[in-house]
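The values are calculated or read from the model by the stated rules, or taken from the named source; none is laboratory data. This structure is a prediction, so every number in the text was calculated from the model and none was measured. Note that each Cβ is placed from the backbone with ideal geometry, even for glycine, and that neighbours are counted across all protein chains shown. Remember, those area values only see protein heavy atoms, side chains included, never the ligands or the DNA or RNA. Shrake-Rupley method; radii C 1.70, N 1.55, O 1.52, S 1.80 Å.
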Amino acid sequence: MTNPTTRPLLGCIADDFTGATDLANMLVRGGMRTVQSIGIPSREVADGLDADAIVIALKSRTTPVAEAVEESLAALDWLREQGCEQIFFKYCSTFDSTAAGNIGQVSEALLKALGSDFTLACPAFPENGRTIFRGHLFVQDQLLNESGMQHHPLTPMGDANLVRVLQRQTALPVGLLRYDAVAAGVDATRTKIAELRAQGVGIAIADALSDQDLYTLGSACADLPLLTGGSGLALGLPGNFRRAGKLRDFDVNTLPTVSGGEVVLAGSASVATLGQVAAWCEAGRPALRIDPIALAAGEPVVAQALAFARDSAHTVLIYATSTPAEVKAVQQQLGVERAGALVENALGEIAAGLREQGVRRFVVAGGETSGAVVKALGVNLLQIGAQIDPGVPATVSSSTEPLALALKSGNFGGREFFAKALAHLAGGAQ
């Protein structure tokens with residue numbers, strides 16, 4: 001058996017902040033010591049890392065293609081310098097992208113840089129209702145393009161056929177690793193992968209209906225330099241390193257308890273977050289909605305939000321979450337990019353102001369919102385703790401004055417997630 005190493009084994013590149021946390025959560029559950037970096041770490045950070053897996057969180061999902069590729073390749077170079085044996089490119093379990101990219105282009109660039117000719121693309125996350133059959137992505141019992149994702153304000157998904165979606169974004173031939181091969185086990189999956197490679201396929205969408213399918217895919221792809229997918233595909237990766245004797249035992253419930261005030265900030269317009277905001281308000285808890293039109297008009301929205309939180313006797317929710325129709329109306333008036341930037345910047349400023357008021361625990365809903373908040377708070381590195389809900393762990397910043405954060409993808413979490421996450425962060429390791 002190989003002696004466990006302190007050098008990182010798995011290097012991960014995530015195209016948004018909550019997606020990075022989601023992946024880190026999955027790896028911790030599998031027994032890998034995992035740290036998450038907000039952007040590419042400095043050399044000083046690298047010298048002090050003690051982790052089996054490093055997840056670099058980028059904000060490359062909706063940036064121009066050339067910028068996303070450049071950032072991802074820079075992250076790859078850093079991870080290879082640390083000695084990572086395998087690279088994982090993580091994107092959303094709803095395959096969030098546009099016709100222009102960036103999943104296909106980034107995957108293609110990473111493959112080329114690694115000198116490889118083949119990888120999988122598998123966003124399946126059965127625990128959260130994302131499954132793939134015959135190349136089509138389902139959200140619970142609905143096709144992706146009928147699940148509400150067709151109304152996403154930044155990356156609307158109008159096609160559930162992932163082979164078609166991905167082929168629009170890459171010059172590499174895209175194929176399908178069908179469910180019948182995956183269901184037949186690891187050896188059958190490897191045989192089918194060899195056939196696809198012989199046919200010239202560069203990226204194969206992989207069917208997966210259950211966690212067992214993801215374990216099968218992970219085992220079958222242990223030797224691939226690059227894997228791409230949602231966090232679910234990472235289920236099978238820790239076992240590969242464990243069987244090689246490279247993992248050390250550790251206790252996931254080791255995060256420090258962070259005292260201080262708390263807040264919920266929500267910017268996602270997803271169906272799940274809409275329900276969570278509604279549940280909070282229905283329970284009579286204090287909430288304040290941020291109006292993008294008022295922001296655009298120069299009204300003191302940030303100052304009003306800070307005063308609202310300061311004067312409340314209870315934990316508050318500050319949100320910009322709106323229905324698809326409301327979001328569309330605002331975008332038509334302000335423009336898509338301006339509307340999004342106004343809200344993100346405001347929530348970031350509010351987060352920084354709340355920290356000055358003594359808030360130390362933050363529950364944040366939405367990938368773009370989480371990115372704005374962690375940037376405003378100056379968070380560079382996160383310790384990953386136990387899971388709160390599927391895809392969402394508790395985290396604590398590695399800084400002189402630690403902050404506790406739950407960074408939630410807009411589509412994740414149960415209806416009472418906000419209250420559940422606050423309780424978890426307040427109690428430390430539970």
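Here is how the numbers come out for the structure above:
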item: Mean shadow area of region 259-424 over all directions, Cα convex hull, nm²; result: 8.9 nm²
item: Relative intensity, log₁₀ I(q)/I(0), of region 126-184 from a Debye sum that treats every alpha carbon as a point, q = 0.18, 0.23 Å⁻¹; result: -0.69, -1.00
item: Rounded if a/c under 1.5, otherwise prolate or oblate - region 85-124, Cα gyration tensor axes; result: oblate
item: Fully extended contour minus Cα-Cα distance, from ALA194 to ALA99, at 0.36 nm per residue; result: 31.3 nm
item: Distance between modelled label sites at HIS314 and ALA183, nm, 7 Å Cα→Cβ extension; result: 4.9 nm
item: Cα gyration tensor shape for region 377-427, rounded if a/c is under 1.5, else prolate or oblate; result: prolate
item: Separation in nanometres of the label points that stand 7 Å from Cα toward Cβ, at THR254 and CYS281; result: 4.3 nm
item: Förster radius 41 Å - calculated FRET efficiency between ASN345 and ARG168 (Cβ-Cβ, nearest 0.05); result: 0.85
item: Backbone HN-Hα couplings from phi across region 173-187 [Karplus 6.51/-1.76/1.60, Hz, Gly and Pro as x]; result: x, 9, x, 10, 8, 6, 4, 4, 6, 5, 5, 7, x, 5, 5
item: Value at 222 nm in deg cm²/dmol, rounded to 500, when DSSP H runs of n ≥ 4 in the chain each add -39,500 (n - 2.57); result: -12000 deg cm²/dmol
item: Length released on extending from GLN142 to ALA329, taking residue separation times 0.36 nm less the Cα-Cα span; result: 64.7 nm
item: Across LYS59/LYS408; LYS112/LYS246; LYS59/LYS90; LYS375/LYS408; LYS192/LYS246; LYS112/LYS408, pairs whose alpha-carbon gap is larger than 23 Å; result: LYS112/LYS246; LYS192/LYS246; LYS112/LYS408
item: Largest-first principal axis extents, alpha carbons of region 341-396, Å; result: 30, 24, 18
item: Under 12 Å from the Cα of LYS420 - aspartates and glutamates, other chains or at least 8 residues apart; result: ASP389
item: Cα convex hull volume per residue for the chain (Å³); result: 129 Å³
item: The chain - percent of accessible surface contributed by carbon and sulfur, probe 1.4 Å; result: 50 percent
item: Heavy-atom surface of the chain, accessible at 1.4 Å and reported per residue (Å²); result: 38 Å²
item: Taking only Cα atoms of region 8-242, radius of gyration then Dmax in Å; result: 16.2, 48
item: Integer Hz, Karplus 6.51/-1.76/1.60 couplings in order for region 231-245, x for Gly and Pro; result: 5, x, 4, 6, 3, x, 6, x, x, 4, 6, 5, 5, 8, x
item: Average silhouette area of region 184-260, convex hull of alpha-carbon atoms, in square nanometres; result: 7.7 nm²
item: Spatial separation of Cα centroids for region 128-184 and region 6-84, in angstrom; result: 25 Å
